[in-house]
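The values are calculated or read from the model by the stated rules, or taken from the named source; none is laboratory data. Just so we're clear, the structure is a prediction, and the values are computed from it rather than from any experiment. As a convention, Cβ positions derive from the backbone with ideal geometry for all residues, glycine included, and neighbour counts pool all protein chains shown. Protein only, heavy atoms only, side chains kept; ligands, DNA and RNA dropped before computing areas. Shrake-Rupley method; radii C 1.70, N 1.55, O 1.52, S 1.80 Å.
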Amino acid sequence: MNHPSPPTLRWGILGPGAIAESFADDLALVPGAQLVAVGSRHRERAVAFAARRAIPYAHGSYEALVADPVVDIVYIATPHNRHAEDALLCLAAGKHVLVEKPFTVTGDEAESVADAAKASGRFVMEAMWTRFFPLFSTVRELINGGHIGSVTELRADFGNPVPYDPAHRLWNPELAGGALLDLGVYPLTWAVGLLGWPQSVEAESSFAPNGVDEATGIRLTHESGATSLLHVSQRCRTPSRVVVDGTDGRMTVTAPLYAPRRVTVSHHGGGTRTSSWTRSLADLDQPGSPMLGPTDRLPAKLLRVWESGPSRRVRNRVAEQTSPTDPFVDLSPGHGYHYEAEECGRSIAAGLTGSSAWTLDDSTRMVRLLGEVQRSASDARSG
């Protein structure tokens, strides 16, 4: 089957902040992608960003960026509270759009962007970058294939401490700050992507003095009867991984869960016996020692890389001996933003107005799910 080649897409960046820096790094890894313009409400920021990356055009307003005829698609990297407004601005100018997560702040905003996207016929996608890592699909296929039996529970957490500062965007309620909107989308994406949309939602939050949630715990119940236990915090650092338990085994997506690079699987045989597909560190350190071994339950091969204490020599040998297409480890360069940019290119080349992997409906449902979590946490606080 012949797949359409990625078109040459000329990208513009709206909002040259920290995440835009990483995204710009990864665009260099995407065939056919050209970063041609950047726009900021402060022209000096746009000029400085453009100078660092040899970007031809720097604009001192968002309006000027979207009006630039050299731009085909705009990556929106502004604070959460601006996503809907900026996406509508781009669509009105006839540009394709990649909107940073969360898609919008409210469900009504999400609906307005989705409606405008349909009316314009332009491609629009939420930059839910985790969803486009190859490993995400691998994990889902393994679970759907029953390789750990029937899933009983999923646990995922993401804690990233940020000093309390009411003016900082992550603590500012006017900028839609808080742990849930900034971090909660990641464990929720894993829960929904692996177990489906929930039938019930329970949540509790702890709040900063200005009312922004600093940590939120979530319990989801899925149609299968499995539960998802999720936790996010911007007060403390947590393991930031995903653990899925099934009747026959366990699957662990190692940190960081937002950029999944490695999954390990163990299978429970006879109730207490655990089969694993690993070798001792000493074995790995022997010249010519195979890094991959056959398994009796899993497709092809499984690689296990030690999380602590491996020598640099072992890590180098893993990189040398592991195929870049091995489904259990991702050794590709970059931060991981190139995967979502590649999805944009593939979809636009195919004449689509949305991604089939993470649709506009998915983005809208996620925003509404975030709203359900907020309401449940608020009810728990007042009750």
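Within a Cβ distance under 10 Å of V242, other residues only, what is the Lys/Arg minus Asp/Glu net charge?
Details: positive: R155, R241; negative: D157.
Net local charge, V242 excluded: +1.
Between Q34 and T106, what FRET efficiency comes out of the Förster formula 1/(1 + (r/R0)^6) with R0 = 35 Å and r the beta carbon distance, rounded to 0.05? Please report the intermediate quantities before stating the final value.
On the way: r = 34 Å, r/R0 = 0.97.
For T106 and Q34, the calculated efficiency is 0.55.
Just how much of I19 is accessible, in Å², when a 1.4 Å probe is used and the result is rounded to the nearest 10?
The value for I19 is about 50 Å².
Give the separation of the Cα centroids, region 323-383 to region 181-254, in Å.
Answer, in whole Å: 15.
Place the peptides 94-104, 165-175 in order of packing, highest mean first, counting for every residue the other Cβ atoms within 10 Å and averaging per peptide. It would help to have the intermediate numbers written out before the result.
Details: 94-104: 24.8, 165-175: 14.9.
Answer by packing, highest mean first, reads 94-104, 165-175.
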